[in-house]
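Participant: My questions will all concern the structure given below.
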Amino acid sequence: MRNTLRYLLLLLTIIYLCSCRDKSKIDRFALVTRHNIENSLIDSLNSLSVGNGEFAFTVDITGLQTFPEFYSKGISLGTMSDWGWHTGENPENFQLGDVYKTYDVHGRKVDYVRQFRANEDARKAEASDWLRSNPHRIHLGMIGLQIFKEDGTEISISDVRDPVQKLNLWTGEIDSRFIVEEEPVHLKTVCHPDYDMISVKVISGLIGKNRLKIKINFPLGVSSPNGYDFNSPDKHTTRILADTNNLTIFSRSQDSDKYNVIVWRNNAELKEVTQHIYYLEPQQTDSVYSFSCQFLKTTVTGRIQSFNETEEASKKSWEQFWSTGGAVDFSECTDPGATELERRVILSQYLTKIQCSGSLPPAETGLTYNSWFGKFHLEMHWWHAVHFALWQREEVLEKQMTYYFNIFENSKKTAEHQGYEGVRWPKMVGPDGRESPSTVGTYLIWQQPHVIFFAELLYKNAVNKEKILNKYRDLVFATTDFMASYAWFDSTRNRYTLGPVLIPAQESLKLETSVNPPFELVYWYWGLKTAQDWKRRLNLEPVSRWTDITEKISELPVQDGLYLCSEDTKDSYQNPRYMSDHPIVSGIFGVLPETKLVDPEILGNSLDTIMKKWNWKTTWGWDFPMMAMSAASIGRAELAMDFLLMDAPKNRYLMNGHNYQDARLSIYLPGNGGLLTAVASMCVSDQFPHNGKWKVKWENLNSYVE
């Protein structure tokens, strides 16, 4: 009898374990492919992209870049890369010293790199403009179709009928079908995972009728949002270096910047139309034609591949991507918002993979078009990169951490010039790490602790923790040295304060008067304490000044049971100025780990008031996942979902998954990254509502920092 009970108990245990395993196992193919994109509407916001993280190619409804002017009014048709930058001539030899503005900071003179207007100082304004716009990311080449109607005229976008365009997320392939004058046209477009190369197959009877060609148009690379200018042919050069064995190698030069383009013509004839426009004309007997086009910073890397080779490489790479790392399945949820949330999560993974997983921190518009001249904002790097570590794609964050090593000396010089220790990380930068003049950006400080957060996140989830400690120790300690020297000791009140001069993450506040914004205070406290943990882990002596600051840092400003935007903003919840921009006060717990500085009850009251009074038209895409993380962290899961799925202008996600903000920022990747961060952290900490409607399945997600 006893043995029978043992066997029965063992059997029940096995059944239970098997049922649990089956329950947690996610059908990843089904999860991903149910959100494949299918579009039949010609809309300038509906463009799709392929890419590999270092390079992206954005297409219109035809599957290539046939109608760039039409799409320039929405999401433009970019061909951009992490290496594709241009620096214009600088005959006036503008330098940062030309745009310094000196402030009195607690009795010291401190220079900031400021943006000047023409009515302030003409030369400083010219210097500001040049330094802000250089270097800038450029468009590397427009590749589209040229199709003629029976009467010999070239088609316009209104001649494209019955379009059906699909993006297969599992393979990374865009399939585009449409009709021109009863003639079907079918394109397949893919990007190689290892080379900055697109490959395209075209199937149409128009090829055999000599009415379909491939048009390659090399523009002048400019700093404007689209990154291209087709009306200045004399300001750049295109030369054919070689044209043999079905390969044509183009050399592109603009001022001192150069790159090459290799085209596998596949028996098509190459014709030069103007000095920058070329046609590929397939053999007239063909109805199927394919070609490949590779973009290269130098001629020594890469290998041109056929369409079939690229298609197969893309398929294997994307299958590997979706089959590994984290996954979250909302299919068993009954809440009306669950399906849409799952769609946003899947498409955000695709977009951040192709737009944000390169060797540089990404721009807010990725590799599609230029926001802020294509430069990246290091305070936004948190929203771009943290999710990669949470979704078990730590290699992306580690790859981008190399950038901080590369700009270390620049950042050290900035700190030294301002009279601080350590390194002061810039805000708006390009590959060179030089700060850009601004009336806001250079006064921000909340990007400073990011490096500590990244390093701690990597450490927490590392198998070889000692390796992470030794690799990033210098970055962590130099960052902390600056933070400690930046904090000012107010001897009259026996406390450390932040500011002025500073602009908080809530950028609507004034730099001359902002003191002790809550988010920055908590981030400083957490960063200093975490750096001390790194000292202990490395068996090093703790730094007494760091300890002194954490023990005497200012309390968070509170009025009427609510957290203020900063210490100088009394009655801030009654003032529209302070109820706009980022509601960053919510980030003090949720985005940031729990600390003794934050009272959950006061935070909850603040969240309720923000929900009622905030001007949501002035917020940005990452604010909504930030608010959700904050609410979830204090046990307000229902409120968290209200924030995450709020019907607000800048919480809109387009058909292609992009987080639309406004006409200027039609895509906004910090919103996509923030969404992935919020969902991962809420899964791991079991912070979805327990109301029976959110039966969320997840696997392979890493834990958040503590």
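Every number in this text was worked out from the coordinates using simple rules, so none of it is lab data. Nothing here was measured: the structure is a model prediction, and the numbers come from that model. Counting neighbours? That spans all protein chains shown, and the Cβs are built from the backbone with ideal geometry, glycine included.
Participant: Using the Kirkwood formula on the Cα atoms of the stretch 74-182, what hydrodynamic radius do you get, in angstrom to one decimal?
Facilitator: For the stretch 74-182, the Kirkwood estimate is 19.4 Å.
Participant: Arrange the peptides 640-649, 25-34 so that the one whose residues have, on average, the most other Cβ atoms within 10 Å appears first.
Facilitator: Details: 640-649: 18.7, 25-34: 15.1.
Peptide ranking by packing, descending: 640-649, 25-34.
Participant: Please state, rounded to one decimal and in Å, the Kirkwood hydrodynamic radius that the stretch 516-670 gives when every pair of distinct Cα atoms enters the mean of 1/r.
Facilitator: So the Kirkwood estimate lands at 16.8 Å.
Participant: If R₀ is 45 angstrom, what is the calculated FRET efficiency for the pair Val440 and Gln275, using the beta carbon separation as r and rounding to 0.05?
Facilitator: Taking R0 as 45 Å, the efficiency between Val440 and Gln275 is 0.60.
Participant: Lysines near Lys316 by alpha-carbon distance under 18 Å, same-chain residues fewer than 8 away left out - which ones?
Facilitator: Here the lysines satisfying the reach criterion relative to Lys316 are Lys188, Lys353.
Participant: Let me ask another. Consider all pairwise Cα distances in the chain and report the whole-number % of them above 40 Å.
Facilitator: Values: 88485 of 248865 pairs.
In whole percent, the long-distance tail amounts to 36.
Participant: What does the convex hull of the Cα atoms of the stretch 89-138 come to per residue, in Å³, rounded to a whole number? Each step should come with its number before you reach the end.
Facilitator: On the way: hull volume 4.2 nm³, N = 50.
Cα-based convex hull of the stretch 89-138, divided per residue, equals 83 Å³.
Participant: Place a +1 charge on the Cβ of each Lys and Arg in the stretch 338-699 and a -1 charge on the Cβ of each Asp and Glu, then give the dipole magnitude about the Cα centre in debye, rounded to the nearest 20. Walk me through the intermediate numbers first.
Facilitator: Values: 38 positive and 41 negative charges, 133 e Å.
Computed charge dipole of the stretch 338-699: roughly 640 debye.
Participant: Given 10 Å bins starting at zero, what is the percent of C-alpha pairs of the stretch 338-699 in each, up to the one with the largest pair distance?
Facilitator: Going from the shortest bin to the longest, the percentages are 5, 25, 36, 26, 7, 0.
Participant: For all pairs of alpha-carbon atoms in the stretch 446-596, what percent lies in each bin of width 5 Å, listed from the first bin to the last filled one?
Facilitator: Using 5 Å bins, I get a P(r) of 2, 9, 18, 21, 18, 14, 9, 6, 3, 1, 0 for the stretch 446-596.
Participant: Right, here's the next one. So which aspartates and glutamates can Lys596 reach, going by Cα to Cα under 15 Å and dropping same-chain residues fewer than 8 places off?
Facilitator: Lys596 reaches Glu520, Glu551, Glu555, Glu706.
Participant: Efficiency by 1/(1 + (r/R0)^6): what FRET value for Lys460 and Lys316, r their Cβ-Cβ distance, R0 = 25 Å, to the nearest 0.05?
Facilitator: 0.20
Participant: Would you mind computing, in nm to one decimal, how far apart the modelled labels at Asp159 and Asn615 are, each placed 7 Å from Cα along Cα→Cβ?
Facilitator: 4.8
Participant: Continuing with the same structure: At a 10 angstrom cut-off on C-beta neighbours, averaged per residue, how do the peptides 124-135, 109-120 rank from highest to lowest?
Facilitator: Listed from highest to lowest mean packing, they are 124-135, 109-120.
Participant: P(r) tail for the stretch 249-319, what percent of Cα pairs lie past 14 Å?
Facilitator: 68
Participant: Kindly rank 562-575, 506-519 from highest to lowest mean number of other beta carbons found within 10 Å of each residue. Write out the running numbers ahead of the final one.
Facilitator: Working: 562-575: 18.9, 506-519: 20.8.
Order by mean packing, descending: 506-519, 562-575.
Participant: Something else: To test your reading of the geometry: what angle, between 0 and 90 degrees and rounded to tens, separates the Cα axis of helix 518-537 from the longest principal axis of the chain?
Facilitator: Approximately 90 degrees, to the nearest ten.
Participant: For the stretch 589-614 and the stretch 498-554, what is the centre-to-centre distance using only Cα atoms, to the nearest Å?
Facilitator: A separation of 19 Å, based on Cα centres.
Participant: With r as the distance between the Cβ atoms of Leu241 and Val110 and R0 = 51 Å, compute the FRET efficiency 1/(1 + (r/R0)^6) and round to 0.05. Walk me through the numbers before you get to the answer.
Facilitator: Values: r = 51 Å, r/R0 = 0.99.
Using R0 = 51 Å, I get an efficiency of 0.50.
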